[in-house]
Amino acid sequence: MQGPKPLQPRTRPRARATVRPNPDRARLSRRPSCLVARTQSKLEAVAAECNQLAQAAALSSAGQSGKVDRSVNAALTAGPAKVLSLAVDFTDVESMLGVRQAVEDAWGGLDSVHIVAGVLSTRTFAALTGSPPTPLSTNPADAAGRLNDRARAGFAPAEKAGIESVLDLARCVEGLCYARERSLSRMLLIALPSLARPAHRRSIATNYLGPLLSYATFLPLLSAHSVQPTVILLSTVAAVLPTPTRTLYSASKGASHALLASLALESDLLGLGVEFIEILAGSVNTSLRTRAVDASTAKGVNAEPPSKYSLEPAAVAASVIEAVDCAPASAGISEEPLRLRQIWLPARPYRWAHLLYWLPGDFGRRKVEDGARDKYRAALMAQ
Amino acid sequence: MGLLEQMLPSLGSGLLLGVLLVPPAAILLGLTVLTGRRKRPSRVDTIRPSEERVLILGASGASFFFADERLEPGRTGYSRRVRARGRREGAYPRRRRAADKSRPVLADGIGKELALAYARRGASM
């Protein structure tokens, strides 16, 4: 009786390290991009702007060089640059299959998938249970004062509904961890029904299930049809560092981080040739905080001081593209292992904070936690 | 023997110098390894930017556009330093005009910035 056949690493034949001539070059030279989100009007506006920009850049390039390059010529003669925009929910299986079909029909494959999605939750864990958060005495020596504060603020055991709410959350995280070793359909069955609150379901679904569904939908397409496929997940430093008032967000992003790390290694062992890049960004000046699922109830959101390390979206986009372009030449086309690349934005202080946090001893961890305390104290006290 | 006696002090000071220099050198080497050196864009050799097929997945329209609360009517909300940098890069309005005050100000999200950067890059390379 024969045992199970051992896994043969890197069974996929790698392509040569040269530019592969594309049979449909004239069509592809129109800078194909596909934008997916739920709001069609906004996507169309972006697509129109991209097309205008690409046309202007192509004309400028042709004018400067004095001769029209073949690809530029194709871009100019092919009419307006084609940027697809599809208004779908990226946590819905049917919708994502539709996106895959549309992309396959239009371009016959994909080279890069960017996952730029995140939903924030800004409530404290105490608030999730329904108990009022307790602003404690700030004097560390004043133990009696703290006790009085707790009694005065009614820090009583949570009601049944509050405990059930946290239990739902715990089941969710448990289900997600369990599901990492199970199939996608099993995971969806476990995780989704266990979430009672729609807002929290949305948070988990966007932060964890959305990327998961994207990998499940697009990895085979990327692997089969691109010479150097790349998946880029825009994540957050909260996935790997402690962030008060972001417990749910941090948990879902942490699950997403663990999934990506395991998937990257597994994909390499299977020889899929897909490179994974995780962007661990700090504060970015977007509406993430004001769009938090519990923004109306989280009074402390506006009390948070702006981070001195905040980045603008344009700077993040530039760093992401630089990271994609700087993939090792051997990625996906040689026998060298493909590793998950982590890009910290900004590198200082977050990369060093992560390093400090995992150093042996308490010093580094204490420094990082003190920084987090200082940053989130105002928001915590305001809730 | 005399030669050895002459060499010993210099040998000792050399050793001392080595001991003093090695830790900083090790720290520098460690920092270099940890921070990594900047890599040359090499993926563009494999996939032409003008032919790269890119999919950008956002959760909502806010991944591409969002109402920027910092841009309240009549003021930009940005600090002077950020405004100056923004003007240099052409990213932010100098100041909203009176006619625009009634409308919410939409800023560009990361998804849109990515899409624009790809469009720009694809056309120029």
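The values are calculated or read from the model by the stated rules, or taken from the named source; none is laboratory data. Since we're looking at a predicted model, the values are computed, not measured. Reconstructed Cβ throughout: ideal geometry from the backbone, glycine too, with neighbour counts over all protein chains shown. Only protein heavy atoms, including side chains, enter the accessible area calculation; ligands, DNA and RNA are left aside. Shrake-Rupley method; radii C 1.70, N 1.55, O 1.52, S 1.80 Å.
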Interchain or sequence-distant (5+) residues whose placed amide H lies within less than 5 Å of the amide H of B:GLU52 are none
As a quick test, which of the pairs A:LYS160/A:LYS375; A:LYS375/B:LYS112; A:LYS82/A:LYS253; A:LYS253/A:LYS308 have an alpha carbon distance above 27 angstrom in this structure?
A:LYS160/A:LYS375; A:LYS375/B:LYS112; A:LYS82/A:LYS253
Ignore the peptide's own chain and count Cβ atoms of other chains within 10 Å of each Cβ in A:111-124; give me the average, rounded.
5
Sorting check: for A:111-117, A:267-273, A:246-252, which peptide has the highest mean count of neighbouring beta carbons within 10 Å, and how do the rest follow?
A:111-117, A:246-252, A:267-273
Using a 10 Å cut-off on Cβ to Cβ distances, tally the other chain neighbours for every residue of A:229-236 and report the average as a whole number.
2
What average count of beta carbons from other chains do you get within 10 Å of the Cβ of residues in A:36-44?
6
Protein accessible surface hidden between A and B, which excludes ligands and nucleic acids, total in Å², probe 1.4 Å
5700 Å²
